[in-house]
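These notes concern the structure reproduced below.
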Amino acid sequence: MKNILRYPLLLGSVLAALVVSATVQPARAQVMDRILKDRSIKIGYIPSPPGTIKDPASGEVKGYYVDGVRYIFKAIGVEPVFVETTWANFAAGLQSGQFDLSIAGTFATIQRAAAVEFTKPIHYLGYSAIVKKGDARFKVPSDFNKEGLKIAVVQGGAAQEYVKENFPNATVVALGTGNLTAPFMEVSAGRAEVGIEDAWQARRYASQQPGVTDLFQDNPYNLLPIAWTVKRGNQDLLNFTNTAIDFMLLTGRWERMANAYGMTGRFYDRPSLMAFGTVTEAPTTDKK
């Protein structure tokens, strides 16, 4: 120490390193520490039945994702506090600390992985498309790549990424909403010719709207894992959540919770499409 004191610059460097170490190292482990200390965790969600459902009158939040996350954190004596967000803003909400964990059922994509950390997949889901009944122009997804064709998607959603990459000649109608059936409503209203979203939402919408057709209900395309997300670098929270997801999957709790909302399906083992009480095994070839 005496030798260090002889050299003020060296002493300054050592002190600076100690300060950095004191501030940086605990930050890596502080997320779960804080959650356990406060007995509270902020959970981001986007109303998207049946995983997350918000009662418009009471504001009550339920759904099988909500039931699942409540079960997980009840086991360690932590109370979830739910914070509503949107598909366009959920990544920013994690990065800014508005919430610690997003339970929005999110398609895991390369672009999103640059902004957030994905948990293990909870289940797998593909896309479909809604068009007006009698519109016979489309047989395969590549038929959407037409100049001037209006395709409605949710802004910030994975479908928007897919449309931009695969149908560059089409006109994208990006809707700033958390409602995943909004693209289909645009088709019903005549403001778009195609609405693209996940196959579960497409089948549900088509079953309630006789004027439209679910084009790929028997063969959804672009099958992807659905996962939750945390802020990049929050490895301790990610590790905990992954362990909890494994427990929920292997004990069959996800299936039982989903049954209460009219769904059955396999949530793990291999890619599956869950839709209205049926499970379609993932295709063995690339349908993109």
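The values are calculated or read from the model by the stated rules, or taken from the named source; none is laboratory data. Predicted model only: the values in this text are computed from it and were never measured. Here the Cβ positions follow ideal geometry from the backbone for every residue, glycine too, while neighbour counts run over all protein chains shown. When the accessible area is computed, the model is the full protein with side chains, heavy atoms only, and any ligands, DNA or RNA have been set aside. Shrake-Rupley method; radii C 1.70, N 1.55, O 1.52, S 1.80 Å.
Would you mind telling me which numbered condition in (1) at pLDDT below 95; (2) under 17 Å from the mean Cα position of the chain (by Cα) G148 fails? Unmet for G148, out of (1) at pLDDT below 95; (2) under 17 Å from the mean Cα position of the chain (by Cα): (2).
Residue-by-condition table, conditions (1) in contact (Cβ under 8 Å) with a residue 60 or more places away in the chain; (2) under 24 Å from V153 (Cα atoms); (3) not in a strand (DSSP E or B):
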residue	(1), (2), (3)
G44	yes, yes, no
P50	yes, yes, yes
P56	no, yes, yes
Y71	yes, no, yes
P80	no, no, no
T86	yes, yes, yes
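Taking region 143-170 as the range and being within 22 Å of F90 (Cα to Cα) and either touching a Lys or Arg at 6+ places or on another chain (Cβ under 6 Å) or open to solvent by less than 10 Å² (accessible area, probe 1.4 Å) (or both) as the test, the residues that pass are A152, V153, V154, G157, A158, A159, V163.
Residue count for region 89-114 satisfying the condition of being open to solvent by 10 Å² or more (accessible area, probe 1.4 Å) and closer than 20 Å to N222 by Cβ: 9.
Against the test of being open to solvent by less than 30 Å² (accessible area, probe 1.4 Å) and among the small types (G, A, S), the options A182, A174 yield a single qualifying residue, A182. Say whether the condition of being among the polar types (S, T, N, Q), modelled with pLDDT under 90 and touching a Gly at 6+ places or on another chain (Cβ under 6 Å) is met by at least one residue in region 202-219. No, region 202-219 contains no residue that is among the polar types (S, T, N, Q), modelled with pLDDT under 90 and touching a Gly at 6+ places or on another chain (Cβ under 6 Å). For G190, state whether it is surrounded by fewer than 22 Cβ atoms within 10 Å (Cβ to Cβ), touching a helix residue (DSSP H, G or I) at 6+ places or on another chain (Cβ under 7 Å) and either of a type in the set (K, R) or closer than 19 Å to F138 by Cα (or both). Spelling it out, it is not the case that G190 is surrounded by fewer than 22 Cβ atoms within 10 Å (Cβ to Cβ), touching a helix residue (DSSP H, G or I) at 6+ places or on another chain (Cβ under 7 Å) and either of a type in the set (K, R) or closer than 19 Å to F138 by Cα (or both).
Per-residue answers, yes or no, for (1) surrounded by fewer than 19 Cβ atoms within 10 Å (Cβ to Cβ); (2) among the acidic types (D, E); (3) modelled with pLDDT of 75 or more; (4) not in a helix (DSSP H, G or I):
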| residue | (1), (2), (3), (4) |
| --- | --- |
| I245 | no, no, yes, no |
| M248 | no, no, yes, no |
| D269 | yes, yes, no, yes |
| T284 | yes, no, no, yes |
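Hey, among G44, G105, which residue is modelled with pLDDT under 95 and under 14 Å from the mean Cα position of the chain (by Cα)? From the options G44, G105, the qualifying one is G105.
Take the residues of region 1-41 that are modelled with pLDDT under 50 and hydroxyl-bearing (S, T, Y): which is least open to solvent (accessible area, probe 1.4 Å)?
If we take residues in region 1-41 being modelled with pLDDT under 50 and hydroxyl-bearing (S, T, Y), then S21 is least open to solvent (accessible area, probe 1.4 Å).
List the number of the failed condition for F276; all other conditions in (1) modelled with pLDDT of 85 or more; (2) open to solvent by 50 Å² or more (accessible area, probe 1.4 Å); (3) within 30 Å of G134 (Cβ to Cβ); (4) in contact with a Lys or Arg (Cβ under 9 Å, 6 or more places away or on another chain) hold. With (1) modelled with pLDDT of 85 or more; (2) open to solvent by 50 Å² or more (accessible area, probe 1.4 Å); (3) within 30 Å of G134 (Cβ to Cβ); (4) in contact with a Lys or Arg (Cβ under 9 Å, 6 or more places away or on another chain) applied to F276, the lone miss is (1).
Give region 119-135 a look and list any residue that's aliphatic (A, V, I, L, M) and at pLDDT 95 or above, or say none. A129, I130, V131 - these are the residues of region 119-135 that are aliphatic (A, V, I, L, M) and at pLDDT 95 or above. When residues in region 167-196 are screened for being more than 14 Å from V212 (Cα to Cα), under 21 Å from the mean Cα position of the chain (by Cα) and not hydrophobic (A, V, I, L, M, F, W, C), 4 of them pass.
Please go through region 46-60 and give me each residue that is open to solvent by less than 10 Å² (accessible area, probe 1.4 Å) and either touching an Asp or Glu at 6+ places or on another chain (Cβ under 8 Å) or among the aromatic types (F, W, Y) (or both), ordered by number. Within region 46-60, just I46 meets the criteria.
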